[in-house]
Amino acid sequence: MNNKEKNHFHPPPRWLDWLLERFCAPHLWEEVQGDLHERYQLRIKRTSKAKANWLYFREALSYLRPSAFKRHYSPQPSFADMIRNYLTIAWRNLLKNKAFSSINIAGLALGMTCTLLIMFWIQDEYSVDAFHTHKNQLYRIYERQFFSGKAQGVIWTQGPLAEELKEEIPEIEMATAFSWTNYQAFTVGNKTNKQGINTAGPDFFKMFSFPLLQGNVETALKDVNNLAISRKMAEAFFGSPEAAIGKTIRYDNRKDLIITAVFENIPQNSTLQFDCLRSWEAYVQDNEWAKGWDSNDPLTFFMLRVDADPAKVEAKLKHFTDKYIPDPNKTFRTELGIQPFHEYYLNSNFENAQVAGGRIKYIHLFTIVAVFILLIACINFMNLATARSAKRAKEVGVRKAIGAIRSALTGQFLSEAMLLTILAVGLSLLLVFVLLPFFNSLTDKHMTIPVTNISFWGIVAGMTFITGLLAGSYPAFFLSSLNPVNVLKGTLKFTSGSLWFRKGLVVFQFALSTILIIGMIIIYRQIEYVQTKNLGYSRENLIYFPLEGNLDKGYGILKEQLSQISGVKQVSHITESPASLNWGTDGISWPGSDPTNRVRFTPVGVGYDFVETMNLKMKEGRDFSKKFATDSTGFLINESALKAIGYKNPVGKFLNWGNHQGKIIGVIKDFHFQSLHTPIRPLIAYLRNQHREGSIMVRIETGNTQRTLSEIETVCKKLNPEYPFTYYFTDQEYARQYHSEQVISRLSNYFAGLAIFIACLGLFGLGSFSAEQRAKEIGIRKIVGASVGQIVLLFSADFLKLIVVAMLIAVPVAWYAVNEWLQGFAYRTEISWWIFVLAGIVTLVITILTISFQSIKAALQNPVKSLRTE
Amino acid sequence: MKGTYLGEFEEVVLLAVAIRSGDAYGAAVTSEIEQQMGRSVNLGAVHSALHRLEEKGLVNSQMGGATAERGGRRKRLYSVTIAGKRALEEIHQLRNQMWESIPKTAWS
């Protein structure tokens, strides 16, 4: 054997080594393997390799004994031990610094409460119309209208469309028209009630998941005299759904209908709301024009076959109406589009005839707000933890010196953050539980905590985890990076980087808060603006009630009797209602008008004294008058219409409406007859002395409203005994159009307030921390003669600088954001400079108040106390 | 400390450690026993006995002396403690005492 061969190392079977390493205790591993190898080398020299392998195998396996895998000498504590230690330390720290802990927990809890509430709200918004079983097959049709070079989208469609779709397009399984809600009188025996009634095709209950308590989906709306009613209505008239089925009910005092179905009350999260449903056919019988293709009235919904491709269907539908509308040189072109039924609620706006958002904007807005608030709360946590790290630094130093590795320390601080977050989550769940009823009344919703919903708890757990991670990350990485030598020597200095980071966080926090405050002021101002804007008519003291029953034929008597009531000033009537006029016509022409580019007018049929009752201002000419018989063919137009027509001296000039010709007798100054989301459109008013419909308007005097109203009711009841008297105040109805903005405004008020509160909590904590840190400095300053005022100033200046920087950042961002929001209104408040100044001052004042509490406390301290010990 | 009762195999191992004093590690102790007793001994059993002896305080150990045939791994070198020495003496004495006590007639 030569030397080389002697020293040659023969590796034993590797798999045995591998196996042994699995179960042998780590502290024994080195000697065991060494000994095994040594004996193997010896054996391989003395005997054959196979024998050596076999013996190696036997010896290796002999280590399968408890003494070999017992790990009682292990220097590494188990994972569970470490976590327990972390939590113990965290808990002790929590109790030791009660003030800081409560600031941290309260801030996080408040932040999370906001986030949870906003999350509930968003979830609720998304749940609207999402409960239908066939949700993914249901679509609604909208129409794109092109006229006068403009494009607009409307959701009303032609009456016969639904039936025609079913015939022509095989992918469409079911379809129904759905008319708008009317409030009509229903009578059973001597009981009369007004109920909201809609009409729909026979497929309706098969498509939508409104469960029937009585009757079946096939026959519910089969015949013209059928009526499906809600449980509530059945209970009101008959006592129970069972008693109602098959009974007769009198409708509008002119028709007897048979109740063929009773459905469960419509849930709140449905956009279709109705008390009862009549068949669409019956509606067509009442309204001849609904048969044709030349007018748009109902909504149209359809259900696709499960396997159908919606994109293909949409393509087929695009020019669907062309063949039914014969006019070859159309000036008014239409196309059809489809939208998934459940998406309409959040995306109900049209821009250039395309679906363009809607409430979804608010959802995005509040998602951002929720994230902002949570971020602000997390930043509090980060800031306080890092600021206080000087106190914890010694602990870190000792831990590191006895061998803690960095990742273990990171883990420690993260688990500490987690503990606080979990406490905060518990508190916030409690807060949510307490605040939810209040939040519900604020948003007009009926939300509950989905305690049984697993995904809710999943989200809460996820939020806890992310918040804990976010809040704990910076302190964890910062503290674990400290050098133990420096720390233990007592020369811990924050690097300028970490100081900047902390300052940066404060700036970021206050920038967010300031943005929210500015946003809040703007939203509030816009709502104010909308509600107090001079609409061109006076909406106070103007009531209106539906023109129904005998009120058309008896209008003369009604007007005469109403006028005799002492509180009534004027009486007139108007198609639709004074708060909102939505009809449209493009049938107006005049000499020189462009036949290929018609202007769309809003037509309104009115009675005598229309201008005076509405308190409109005349620009030229006069109101309709009984003195001039020719007025029955005359027109009143508004300024916008005049601009569109372009007449120099309009009064006395002629306009054509279809085949009618009429003279312009007056021009009304522009007034808002729609919500301020839309610009004022050209308006044409005509005298409607027969077949009056819409509303009767009564201008009443201030004071004694109750008595006047009851006298009006008496008059109406006498003429119209079958109909319950319902009236509306124009100003209230007007305000209702801005309901969602009001909710948003209220919500943003609260959330902006909370955001600044949470941010100030953090500042309060930082302030008290730095007062503690600089106690000696303050003591010395006082001894050498500084006044309390000077110290307070010195102290506040540091923070105020940060706040000013924050505001400088916030202003342009906020300006951009609110400007975007205001684009949604045709008439909007200005964004004036003073709003930013105000927001700035508010933030500053709040900050100064917060800091001064701490700084005055620090300045008033007796210097002896802080300097005594050294 | 666990009971100081010394089992038979433990005694042998302890003796081997004493014999190989200065270079007593698992493999060396095992081959010493094998040589002395003329039979093969399981390394695992020896290790386990060494650990028990260490727990009983009869031997102590330290790491050292890596060699090539061990793949560069260190040995755990055992040495007999005073308690260990005393235990061996006690056993030796006990055996001697018992040996002396055998009546001469027993062999006849």
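The values are calculated or read from the model by the stated rules, or taken from the named source; none is laboratory data. All values derive from a computational prediction rather than experimental measurement. Quick reminder, even Gly has a Cβ in these numbers, built from the backbone with ideal geometry, and neighbours come from all protein chains shown.
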Only one of B:Ala87, B:Ala18 is surrounded by 14 or more Cβ atoms within 10 Å (Cβ to Cβ), closer than 24 Å to A:Gln33 by Cα and touching a residue at least 12 places away in the same chain (Cβ under 8 Å); which?
B:Ala18
Tell me the helices (runs of 4 or more DSSP H) entirely within region A:480-565 that contain at least 3 residues that are closer than 30 Å to A:Met697 by Cβ.
A:496-532, A:555-564
For a quick check of your reading of the model, give me the residue pairs whose first member lies in region A:29-53 and is under 20 Å from B:Ala24 (Cβ atoms), whose second is acidic (Asp, Glu) and in a helix (DSSP H, G or I), with beta-carbon atoms closer than 6 Å and at least 6 apart or on different chains.
A:Glu38/B:Glu69; A:Gln41/B:Glu69
If you go through A:Asp252, A:Asp294, the only one that is under 30 Å from A:Ile325 (Cα atoms) and more than 36 Å from the chain's Cα centre (by Cα) is A:Asp294
Go through region A:8-17 and give me each residue that's in a helix (DSSP H, G or I) and either surrounded by 12 or more Cβ atoms within 10 Å (Cβ to Cβ) or within 12 Å of chain B (Cβ to nearest Cβ) (or both).
A:Arg14, A:Leu16, A:Asp17
Could you check region B:45-73 and list, in sequence order, the residues that are without any contact (Cβ under 8 Å) to a residue 40 or more places away in the chain and over 22 Å from A:Lys45 (Cβ atoms)?
B:Ala45, B:His47, B:Ser48, B:Leu50, B:His51, B:Glu54, B:Asn60, B:Ser61, B:Gln62, B:Met63, B:Gly64
So, in region B:56-79, exactly how many residues are touching a Phe, Trp or Tyr at 6+ places or on another chain (Cβ under 8 Å), of a type in the set (A, V, I, L, M) and at the interface with chain A (Cβ under 10 Å from one of its Cβ atoms)?
2
I'm trying to understand the selection: among the residues of region A:147-181, which are in a strand (DSSP E or B) and more than 29 Å from the chain's Cα centre (by Cα)?
A:Phe147, A:Lys150, A:Gln158, A:Ile172, A:Glu173, A:Met174, A:Ala175, A:Thr176, A:Ala177
Scan A:Leu488, A:Leu516, A:Leu512, A:Leu558 and give me the residue that is closer than 30 Å to A:Glu713 by Cβ and of a type outside the set (S, T, N, Q).
A:Leu558
Can you pull out every residue in region B:42-55 that is more than 7 Å from chain A (Cβ to nearest Cβ) and either in contact with a Phe, Trp or Tyr (Cβ under 9 Å, 6 or more places away or on another chain) or of a type in the set (S, T, N, Q) (or both)?
B:Val46, B:Ala49, B:Leu50, B:Leu53, B:Glu54
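Can you give me the ranges of the helices (runs of 4 or more DSSP H) entirely in region A:18-73 with at least 3 residues that are within 7 Å of another protein chain (Cβ to nearest Cβ)?
Answer list for region A:18-73: A:26-46.
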Residue within region B:7-19 that is within 14 Å of another protein chain (Cβ to nearest Cβ) and within 19 Å of A:Glu30 (Cα to Cα) present:
no
Within region A:104-146, of all residues that are at negative phi and of a type in the set (Asp, Glu), the one farthest from the chain's Cα centre (by Cα) is A:Glu143
Against the conditions (1) touching a helix residue (DSSP H, G or I) at 6+ places or on another chain (Cβ under 7 Å); (2) modelled with pLDDT under 85, where does A:Ala377 fall short? Just the number, please.
(2)
Within region A:252-282, residues part of a strand (DSSP E or B) and either acidic (Asp, Glu) or crowded, with 20+ Cβ neighbours inside 10 Å (or both) come out as A:Asp256, A:Leu257, A:Ile259, A:Thr260, A:Ala261, A:Val262, A:Phe263, A:Cys276, A:Leu277, A:Arg278, A:Ser279
Is at least one residue of region A:37-51 among the small types (Gly, Ala, Ser) and over 39 Å from the mean Cα position of the chain (by Cα)?
yes
Yes or no: B:Arg70 loosely packed, with under 12 Cβ neighbours inside 10 Å and out of contact with any Ser or Thr (no Cβ under 9 Å at 6 or more places or on another chain)?
no
Does A:Asp327 satisfy the condition of being modelled with pLDDT under 90, closer than 26 Å to A:Thr585 by Cβ, assigned to a loop (DSSP other than H, G, I, E, B) and of a type in the set (Asp, Glu)?
yes
Residue pairs qualifying under the 7 Å Cβ cut-off, at least six apart or on distinct chains, with the first in region A:448-468 being farther than 19 Å from A:Ala417 by Cβ and exposed (fewer than 13 other Cβ atoms within 10 Å of the Cβ) and the second being modelled with pLDDT of 85 or more and not hydroxyl-bearing (Ser, Thr, Tyr), are none
Given A:Lys361, A:Lys316, which one is farther than 30 Å from A:Met447 by Cβ and out of contact with any Ser or Thr (no Cβ under 7 Å at 6 or more places or on another chain)?
A:Lys316
Contact list please: Cβ distance under 6 Å, first residue in region A:396-412 and under 20 Å from A:Gly468 (Cβ atoms), second residue buried (at least 19 other Cβ atoms within 10 Å of the Cβ), pairs at least six apart or on different chains.
A:Val396/A:Leu479; A:Val396/A:Leu482; A:Arg406/A:Ser480; A:Leu409/A:Ser480; A:Thr410/A:Ala476; A:Thr410/A:Ser480; A:Gln412/A:Tyr86
What strands (runs of 3 or more DSSP E) lie completely within region A:589-645 and have 3 or more residues being crowded, with 18+ Cβ neighbours inside 10 Å?
A:602-606, A:635-638
Quick check on A:Leu655: is it buried (at least 19 other Cβ atoms within 10 Å of the Cβ) and assigned to a strand (DSSP E or B)?
yes
Taking the residues in region A:286-308 that are among the small types (Gly, Ala, Ser) and farther than 21 Å from A:Arg254 by Cβ as candidates, determine which candidate is surrounded by the most Cβ atoms within 10 Å (Cβ to Cβ).
A:Ala308
